[in-house]
Amino acid sequence: MSLPYIPSLRRLIILLVSSIVLFGTISFPSTINASATGKLPKATWLWHTKLIETQTDELLSFSASEGIRLIYLQISTKVDIPHYKNFVSKANALGIQVHALNGAANWALESNRSQLTSFMEWIGKYQLTAAEEEQFTGVHVDIEPYLLPEWKSNTNNVIKQWQSNVVYLVEESAKLGLPIAADLPFWLDKYAANDSEMSLSSWMISKYDSVTLMSYRDSATAVIELAKQELQEAETLNKRIYTGVETKYSSEGDHVSFFEEGYDYLNVQLLYLDQLGRNYRSFAGVAVHDLVGMMDLANRSQP
């Protein structure tokens, strides 16, 4: 039986049930302050770049209130440079770092190396014309070649090319003096890296400065279960892992996203996820996908 939609009652019941399930009591343990729900420092993605033309203040006000400390902002040539400078400057003033984000499945193929070059050149030119407070503090890429038909027909060849392009990106980012991170699925440990005894996940973690793991599940324990292999690999490599969660609707099933459970349940689980993650030295924090999805979830929770 579903709960009737009485927002305040529904939110209260969800919070109480979540607390009982997680902690065995209605009160939070001493290391968690219930009033801090939603304030956990975290990272997020902003794919809807056009929004910074008209909604910078709204986006950043929400981000600051939610404890966002890092935004992966997708680069679009359809958005003029002054909008980026304004957004990054205002974000920095609020203590929010901004990393330049881009990527596509075919960025793993060497035949598309020019797209990677264009992205890195855009960042380089931007940094030269931007004041210190307007500059990006990192690079973030989202490359998912397993979405390509070539992944099924010739996986090893795609992996080889992917590794080559990652090496290129890391080198170009170093030239800019910027750290580089990437989104990765949680199951790359099932594949071997090319010309290496390492798993593909270990190889990727070793190359990037940090990794944001797409460990999308709708409970803290399930997220950590998916991420634990990579967290252990990162410990060995002295690297950092962000555990990712999803807020948008997923066609893969209700268990993938917090879309169905809602905003309050999400924040309870994020606090618990942070506790579980701290058992690993490699744990960098939580990343919530994505900023617009989180805003929508919060709006849906309002009475």
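The values are calculated or read from the model by the stated rules, or taken from the named source; none is laboratory data. Predicted model only: the values in this text are computed from it and were never measured. Cβ placement follows ideal geometry from the backbone for every residue including glycine, while neighbour counts extend to all protein chains displayed.
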### Task
Considering only residues that are farther than 23 Å from Ala104 by Cβ and hydrophobic (A, V, I, L, M, F, W, C), look in the stretch 172-202 and name the one that is surrounded by the most Cβ atoms within 10 Å (Cβ to Cβ).
Met198
### Message
Restricting to the stretch 235-272, give me the number of residues that are part of a helix (DSSP H, G or I), among the hydroxyl-bearing types (Ser, Thr, Tyr) and touching a Phe, Trp or Tyr at 6+ places or on another chain (Cβ under 9 Å).
### Response
2
### Residue that is closer than 25 Å to Tyr146 by Cβ, at pLDDT 95 or above and surrounded by fewer than 20 Cβ atoms within 10 Å (Cβ to Cβ), where the choices are Val292, Val245, Val223
Val292
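Quick grid of which residues meet (1) among the hydrophobic types (A, V, I, L, M, F, W, C); (2) touching a residue at least 12 places away in the same chain (Cβ under 8 Å); (3) not in a loop (DSSP other than H, G, I, E, B):
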residue: Val79; (1), (2), (3): yes, yes, no
residue: Pro82; (1), (2), (3): no, no, yes
residue: Asn86; (1), (2), (3): no, yes, yes
residue: Gln161; (1), (2), (3): no, yes, yes
residue: Val167; (1), (2), (3): yes, yes, yes
### Query
Could you count how many residues in the stretch 173-200 are within 30 Å of Lys125 (Cα to Cα), of a type in the set (D, E, K, R) and under 22 Å from the mean Cα position of the chain (by Cα)?
1
### Message
Pairs please, first residue from the stretch 287-303 and under 17 Å from Val223 (Cβ atoms), second anywhere and in a helix (DSSP H, G or I) and of a type outside the set (A, V, I, L, M), Cβ atoms under 7 Å, 6+ apart in sequence or on different chains.
### Response
Leu297/Tyr263
### Cross-chain or 6+ apart pairs with Cβ under 9 Å, the stretch 45-63 first and without any contact (Cβ under 8 Å) to a residue 60 or more places away in the chain, then in a loop (DSSP other than H, G, I, E, B) and of a type in the set (A, V, I, L, M)
Thr49/Ile75; Thr49/Val79; Lys50/Val79; Ile52/Val79; Glu53/Val79; Leu60/Leu94; Leu60/Ile96; Ser61/Leu94
### In the stretch 207-223, the residues that are assigned to a loop (DSSP other than H, G, I, E, B) and not charged (D, E, K, R)
Tyr208, Ser215, Tyr216, Ser219
### Task
Name the one entry in Val292, Val268, Val286 that is closer than 27 Å to Ser199 by Cβ and either of a type in the set (Gly, Ala, Ser) or in contact with a helix residue (DSSP H, G or I) (Cβ under 9 Å, 6 or more places away or on another chain) (or both).
Val286
### Query
Would you pick out the residues in the stretch 188-235 that are touching a residue at least 24 places away in the same chain (Cβ under 8 Å) and among the hydroxyl-bearing types (Ser, Thr, Tyr)?
Tyr191, Ser199, Ser201, Ser202, Ser206, Tyr208, Ser210, Thr212, Ser215, Tyr216, Ser219, Thr221
